[in-house]
Amino acid sequence: MKNLAPKLNHEQYEQNFSELTPPFSPNSAVAEANRCLYCYDSPCTKACPTHIDIPAFIKKISTGNLKGSAKTILESNWVALTCAKACPVEVLCEGACVYNDKGEKPIEIGRLQRYAIDYFFSEGMPKIFNQAPSNGKSIGVIGSGPAGLACAAEAALLGFDVTIYEAKKAPGGLNTWGIAPYKMRQADSLLEVELVKSFGVIIKTGTTIGTDISFDDILKKHDAVFIGIGLGKSTKLNIPGENLDGVCDAIEFIEEVKTERWQSVKVGRKVAVIGAGNTAIDAATEAKRLGADFVTIIYRRSKAEMPAYEFEYLLAKKDGVIFNFLTNPVKIIGNNHVEAIECVKMELKEADSRGKRKPYSIEGTEFVISIDMVIKAVGQNSKADFLSSVPGIRLNNGIIAVDTITYQTGNPKVFAGGDCINGGKEVVNAAYDGKRAAHGIKKFLLGEE
Ligand SMILES: Cc1cc2nc3c(=O)[nH]c(=O)nc-3n(C[C@H](O)[C@H](O)[C@H](O)COP(=O)(O)OP(=O)(O)OC[C@H]3O[C@@H](n4cnc5c(N)ncnc54)[C@H](O)[C@@H]3O)c2cc1C
């Protein structure tokens, strides 16, 4: 890259990536728990994809029963610490809190959940779960993201022998390698991995299925297989200049930031992020916090169509990220290194089959922005090579089709969940899928619900 942003000192990096939401003190946790109205129809529980009994765990906090509170939470969600810190609570549980209807601040459910789960981990993960005796059947789980971890934890407690195969050197999927460090650190994710291992689950890291071991061998070795491989790299832009030095994939950039070796992450002085989903916002915000002077998001539709959540957008704005809506990149300019990006203004016309208005370029509105780095964040591809090696599965637009109750794929021995079946949602969806799939596998192998 031609112009790198100047390095900051360690304290500045730590400050820039410090937690956005601090933990509750014991007094403030109890005070917040006591605000809960314990609604008879608990809209918060309905809004949570893992259906945690939220009023029950909050009640237990208010009476000082933190172990019981953590048990209530974890029984529904094996990655509850990640979800407490990274879930978009504004549009899930807290968004459904009845206090919103009264024009009052909703209960801080995410922070209360974190309070109970922090206690559980600080107490060294007390043994509070019943584990069924071994049933002699084994499950191979591919991928140790939230979907794989949830499936493994639940299956281990149901009495299965479980082995997770993970391509990366450290487990946890995007909880470890993707979620913005100011929401959660790698250490949080690794605590959840330790919990899953405490149920006897074996995790083989640095093991890519399809390369180090064939899928067929995994299928022969285990009685059932769960696929939780997530998605692949960012989609290509397909414009000239995409191969210049200084153009990178948002997922790879974010992964480097997650290592917390801030000094060694290369970031330009002037950065353009292409796309306006949550990943684009994270990449832009992280580039700014690493010291970039100028960061702009370039998005071909308007703010109204932007896929990112409003609170993520506001965070980026607060960090000084500039939004170029109704703008499309047409060419990345440079001689070996990125020097500028040529864009064109867009207008929205008729809606497509999904009701989304189509963007069209406006002739003669081309303009150039001087930049040193381009981060591609226009969605992730599915792992087509891997998926083509799995016999019998059916794909729907590149994602795996499953039975919505059992999570069984077209191959009866193979189950799947998480981003590879939904095209990219949230951690909480992956956690739910993995847990449900463990029960689908139990039904398939043991004939029991
Ligand atoms: C940058 C970014 C930020 C995000 N931030 C948030 C957030 O703040 N809050 C939120 O709720 N959600 C967030 N998400 C979404 C969330 O991270 C995902 O929905 C969730 O992690 C999906 O879980 P998963 O288990 O399906 O896949 P992943 O977490 O992607 O895990 C898949 C795992 O499978 C492994 N794997 C893949 N192929 C193989 C193979 N062939 N052999 C062995 N292992 C393999 C991968 O290495 C990986 O560890 C974010 C996503 C991204 C990309």
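Numbers for the structure displayed
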{"quantity": "Choice from Q15, Q408, Q113 showing the highest fluctuation, given a GNM over the chain with Cα pairs closer than 10 Å", "calculated": "Q15"}
{"quantity": "Mean Cβ neighbour count within 10 Å, used as a protection proxy, ranking 341-352, 85-96 highest first", "calculated": "85-96, 341-352"}
{"quantity": "Within straight-line cross-link reach of K59, aspartates and glutamates at Cα separation under 19 Å, skipping those fewer than 8 residues along the same chain", "calculated": "E32, D41, E75, E94, E108, D118"}
{"quantity": "Sum of -39500 (n - 2.57) over DSSP H runs of 4+, divided by residues of the chain (222 nm, nearest 500)", "calculated": "-10000 deg cm²/dmol"}
{"quantity": "Longest segment of the chain lacking chymotrypsin sites (Phe, Trp or Tyr not before Pro) that sit in a DSSP loop with at most 12 other Cβ atoms within 10 Å", "calculated": "41-449"}
{"quantity": "Residue pairs, from the table K356/K435; K105/K258; K71/K197; K413/K435; K85/K383, whose Cα atoms sit over 24 Å apart", "calculated": "K356/K435; K105/K258; K85/K383"}
{"quantity": "Cross-link partners of K221 among aspartates and glutamates (Cα-Cα below 18 Å; sequence separation of 8 or more within a chain)", "calculated": "D161, E166, D212"}
{"quantity": "Relative contact order computed over the stretch 19-122 (Cα-Cα under 8 Å; 6+ residues apart), in percent", "calculated": "34"}
{"quantity": "Reach of K270 by Cα under 19 Å, taken over lysines that are not fewer than 8 positions away in the same chain", "calculated": "K2, K7, K288, K317, K318, K331, K376"}
{"quantity": "Chain lengthening between L20 and T365 when straightened (0.36 nm per residue, less Cα-Cα)", "calculated": "120.3 nm"}
{"quantity": "Cα centroid separation, the stretch 209-228 to the stretch 320-339 (Å)", "calculated": "42"}
{"quantity": "The chain, relative contact order [Cα under 8 Å, separation at least 6], %", "calculated": "18"}
{"quantity": "Enclosed volume per residue, in Å³, of the convex hull spanned by Cα atoms of the chain", "calculated": "157"}
{"quantity": "Relative packing of peptides 144-150, 59-65, 189-195 - highest average C-beta neighbours within 10 Å first", "calculated": "144-150, 189-195, 59-65"}
{"quantity": "q = 0.13, 0.19, 0.21 Å⁻¹, the stretch 247-376: log10 I(q)/I(0) [Debye, one scatterer per Cα]", "calculated": "-0.53, -1.06, -1.24"}
{"quantity": "Tilt relative to the chain, helix 146-157 - C-alpha long axis, 0 to 90 degrees, to 10", "calculated": "10"}
{"quantity": "DSSP bridge pairs, the chain: antiparallel proportion in percent, nearest 5", "calculated": "40"}
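Any read-out appearing in this document is the output of simple, stated calculations on the displayed coordinates, not a laboratory observation. Bear in mind that the values here come from a model prediction, so they are computed numbers and not experimental data. Positions of Cβ are generated from backbone atoms using ideal geometry, with glycine treated the same way; all protein chains shown enter the neighbour counts.
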